[in-house]
Amino acid sequence: MEITAADGVAVRVRELRQRYGEFEAVAGVSFDVAHGELFALLGTNGAGKTTTMETLEGHRAAHAGEVRVLGRDPYRDRRDVRPRLGIMLQEGGFFADLTTAETIDHWRGFVPDPRPRDELLELAGLREQARVRTRQLSGGQKRRLDLALALAGRPEILFLDEPTTGMDPEARHATRRTVAELVRDGLTVLLTTHYLEEAELLADRLAIMHRGRIVASGTVAEVVGGHGDRVRFRVPAGLPVADLPLLRGVAAGIEVDAGHATATYTLPPDDLQAGVYGLLRWADERGLTLSGLRVDSASLEDVFLSTAGAPS
């Protein structure tokens, strides 16, 4: 089925497959990215996210399935598509003896209607490093220069591959703020990151890849909401684990650390209140104190570890 441009859709992927010899790195991936949203693609190393991004950027043709970026095939029509994209790779390369400002000016010469140099320095937080040679920049500052170059051509879609790796916390926060502002101004962004809090803060929607497939997708709330909340407490001394109650039909998981057993129940959000009430009533009837009682909402990290870390 031929994919055509669709209203409101900047990127459309249908059953994408990519192989390296006999190894299938991407095994039937499908998703859409709307204009003006930030879509995060997450996964462990080797999950297939970088290969997927490279296909969307037009660096390689799809082995099977179809991809459309701004309504075009990004590989076959790359002469038309590439000028409309900004790409920040995991690792860029610079002329070591050029200053930051000279590097930006050099890059601006490759794109039509470039942003002003001072605007790019400001966006990337590099105004104070304008006259510093690139070989003297820190790793985090080089990543910010990569971002400036990706934004030079006023792209319609920005691809960010691990954009804040190597940055100190202050620079990471500033870069996230810049990206959020760009999205609010209407820029479409595809992001890969190993910082899950980055995805939680920035992403309108996300997908988690594992072994070439998408195993969870949706908004952060949708992905996390279906994972359940946790109720934890230390098992009272002398109480057999077998005597712990079922909470809304859910049995406790037991972990033992330094001779102390901790019970954990994972409950659907709709069952949490009734489950906690039932637990407290059960303990009160038996005169038990539940030391360390804690209720934790599921996090994106919980979902990531349980889905991306699960066997296929």
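The values are calculated or read from the model by the stated rules, or taken from the named source; none is laboratory data. Note that the structure is predicted; figures quoted are calculated from it, not measured. All Cβ positions, glycine included, derive from the backbone under ideal geometry; neighbour counts span all protein chains shown.
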| Can you find a residue in the range 190-197 that is farther than 17 Å from residue 143 by Cα, in the same structural domain as residue 68 (by TED's automatic domain parsing), in contact with a Lys or Arg (Cβ under 6 Å, 6 or more places away or on another chain) and not in a helix (DSSP H, G or I)? | no
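Okay, residues lined up against (1) in a strand (DSSP E or B); (2) under 30 Å from residue 63 (Cα atoms); (3) not assigned by TED's automatic domain parsing to the domain that holds residue 278:
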| site | (1), (2), (3) |
| --- | --- |
| 201 | no, no, yes |
| 207 | yes, yes, yes |
| 214 | yes, yes, yes |
| 238 | no, no, no |
| 254 | yes, no, no |
| request: Find the helices (runs of 4 or more DSSP H) located wholly in the range 1-116 whose residues include 1 or more that are over 30 Å from residue 129 (Cα atoms), of a type outside the set (A, V, I, L, M, F, W, C) and in contact with a strand residue (DSSP E or B) (Cβ under 7 Å, 6 or more places away or on another chain), and list them. | output: 49-56, 78-81
| Does residue 256 satisfy being in contact (Cβ under 8 Å) with a residue 40 or more places away in the chain and not hydroxyl-bearing (Ser, Thr, Tyr)? | no
| query | Inside the range 35-71, can you point out the residues that are more than 16 Å from the chain's Cα centre (by Cα), touching a residue at least 60 places away in the same chain (Cβ under 8 Å) and surrounded by fewer than 21 Cβ atoms within 10 Å (Cβ to Cβ)? | reply | 35, 36, 66, 70, 71
| Number of the exception - residue 299 against (1) modelled with pLDDT under 90; (2) among the small types (Gly, Ala, Ser); (3) in the same structural domain as residue 41 (by TED's automatic domain parsing) | (3)
| note | Of the candidates 261, 283, 242, 274, the one satisfying the condition of being part of a strand (DSSP E or B) and over 20 Å from residue 299 (Cα atoms) is 261
| note | Within the range 150-178, the residues that are touching a strand residue (DSSP E or B) at 6+ places or on another chain (Cβ under 8 Å), farther than 20 Å from residue 70 by Cα and surrounded by 22 or more Cβ atoms within 10 Å (Cβ to Cβ) are 163
| message | Condition (residue is of a type in the set (A, V, I, L, M), modelled with pLDDT under 95 and at negative phi) applied to the range 277-286: is it met by at least one residue? | response | no
